Amino acid sequence: MSFLKINQLIVTRDGENVYSQEYHEGLNIIRGHNSTGKSTIANFIFFALGGEFTDWLPEAASCDYVIAEIGINGANITVKREVSNTQRRPMAIFIGKMEKAMASNTIGWNIYPYSKSDKTESFSQIIFKALNFPSISTENQESITVNQILRLLYIDQLSSLDNLMRNEDFDSPLIRSAIGNLLLGTYNDDLLKLQIELREKEKQYNSIKKQVKALDHVFESSSFDFNRILIEKNIKEKNEQLTKVRDTIKQPELIVSTVKKNDTKNEIIKLKANLKKFKSRYDVTINEISKSKSNIIDNSEFIDVLKSKLIAINESLNSRETLGALPIQFCPVCLEKIEESIPESHCKLCKKEIKDDLGKTKLLRMKLEVEMQIKESLSILKDKEQILEKFSSSIKGTERLLSDAQYSYDLF
């Protein structure tokens, strides 16, 4: 089971803390008189966790940054967002506790945009990975973000009490359905992949259908006769003419009698140069294909290594979670009963303080780094496969040109 807990929230203005509060496990109550900022603090929490909020009160809008330490499945991360009236603000993420994050200005911090792109992950994807959520999209390509999840968990005073989700200007039943399936545990990644594949095939079909329709329109409005029988007849006539030309070429005495010696020499030089050009192009293409195949094999093996490393990290996280929950009552060395007065944050055997919750934060950092490497490597692999496909497609045309050039040279 995945869980998320906010440990501490800090709001700054001009480099100074204007609000700093640690939160404990269980129910936390923000209390105070009317118009003292209770709703503003709740909005800051919503915004820090990744929510989309721009309707700040003047006092809140005068602040610079909101920083939060979040516990995700036992690991700790620190997030930072700039308070602004501009929509879709990015998020800076530091894998570690608040103290280490505040002590570091740039080292360890990574900035992620609100929306994902082909080359950059969004902060929602990073948080979902830490929560062990699947990467999902609704049928109409609207991505599920942390903001969408928080809409079900947090409702502000402006939202109707009859609504289960926080109001937004642009809403979609597809988004609501995807959020519900995700949080209820009924989300099916394989089904969604098939739906995405079906949507892509339908796009391709519609595109080809439009092209065919456009060609039909051109044929219908053209003044030329596109009769199939007539076209086949013209092709047959041209083939007969080509046969006559080839038969003439096979009788060099007829050509020699009508061509000057100097012209013959120039023609041989021309054919030889043409043959050399296409042979060189063919050799270059073959070398590029061989090099591309080798690069693809190396890249695929590297991705396999990264995937094995990712599996090992996940197994380590699961093992630490399982073993950490096992109660130890007797010492495995002397078999004496272990003292029960040892603080919860200390090891039952060596009695030393357990830092960073059994290294979960470090493992989470490693996991995110490996997943990023896998994504980048897959993108590089895709580019290399496209290059290989390009050369493989061109080699057939090059072979035909080389064959024709060799044939013409041999005949002459």
Legend entry - Checklist (1) at pLDDT below 85; (2) over 30 Å from LEU131 (Cα atoms); (3) in contact with a helix residue (DSSP H, G or I) (Cβ under 9 Å, 6 or more places away or on another chain) applied to SER316, failing item: (2)
Inset, instruction - Test SER35 against the criterion of being free of Cβ contacts under 8 Å to residues at least 24 places away in the same chain, assigned to a loop (DSSP other than H, G, I, E, B) and farther than 24 Å from ILE107 by Cβ, and give yes or no. - result: yes
Inset, instruction - Search the stretch 371-396 for residues that are under 14 Å from LYS307 (Cβ atoms) and pair each with any residue that is small (Gly, Ala, Ser) when their beta-carbon atoms are under 8 Å apart and the residues are at least 6 apart or on different chains. - result: LEU381/SER300
Legend entry - Single unsatisfied condition, ILE229 versus (1) at pLDDT 80 or above; (2) farther than 20 Å from PRO134 by Cα; (3) surrounded by 10 or more Cβ atoms within 10 Å (Cβ to Cβ): (3)
Legend entry - the stretch 352-369 residues that are modelled with pLDDT of 85 or more, paired with ones that are loosely packed, with under 15 Cβ neighbours inside 10 Å (beta carbon under 8 Å, 6 or more apart): LYS367/ASN314
Legend entry - Selected residue (criterion: farthest from ILE296 (Cα to Cα)) from residues of the stretch 355-402 that are under 24 Å from the mean Cα position of the chain (by Cα) and β-branched (Val, Ile, Thr): THR361
Legend entry - Residues within the stretch 140-183 that are modelled with pLDDT of 70 or more, surrounded by 14 or more Cβ atoms within 10 Å (Cβ to Cβ), of a type outside the set (A, V, I, L, M) and not in a loop (DSSP other than H, G, I, E, B), tallied: 6
Inset, instruction - Please indicate, with yes or no, whether at least one residue in the stretch 31-44 is more than 23 Å from LEU153 (Cα to Cα) and at pLDDT 90 or above. - result: no
Inset, instruction - Could you please give the count of residues in the stretch 53-81 that are over 20 Å from LYS129 (Cα atoms) and either assigned to a helix (DSSP H, G or I) or of a type outside the set (S, T, N, Q) (or both)? - result: 13
Inset, instruction - Could you list all residues from the stretch 278-324 that are closer than 21 Å to SER393 by Cα and touching a residue at least 12 places away in the same chain (Cβ under 8 Å)? - result: PHE278, LYS279, ARG281, TYR282, THR285, ILE286, GLU288, ILE289, SER292, LYS293, ASN295, ILE296
Inset, instruction - Determine, yes or no, whether MET91 is aliphatic (A, V, I, L, M) and within 24 Å of TYR187 (Cβ to Cβ). - result: yes
Legend entry - Some residue of the stretch 9-22 being surrounded by 14 or more Cβ atoms within 10 Å (Cβ to Cβ), over 24 Å from the mean Cα position of the chain (by Cα), more than 23 Å from LEU363 (Cα to Cα) and of a type in the set (Phe, Trp, Tyr): yes
Legend entry - Sole residue being modelled with pLDDT of 70 or more and assigned to a helix (DSSP H, G or I), chosen from LEU271, LEU254: LEU271
Inset, instruction - Could you please find all residues in the stretch 72-95 being without any contact (Cβ under 8 Å) to a residue 40 or more places away in the chain and of a type in the set (S, T, N, Q)? - result: THR78, SER84, ASN85, THR86, GLN87
Legend entry - Which listed residue, of LEU27, LEU49, LEU4, LEU57, is of a type in the set (A, V, I, L, M) and buried (at least 18 other Cβ atoms within 10 Å of the Cβ): LEU49
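The values are calculated or read from the model by the stated rules, or taken from the named source; none is laboratory data. Just so we're clear, the structure is a prediction, and the values are computed from it rather than from any experiment. Heads up, the Cβs are rebuilt from the backbone with ideal geometry, glycines too, and the neighbour counts pull from every protein chain shown.
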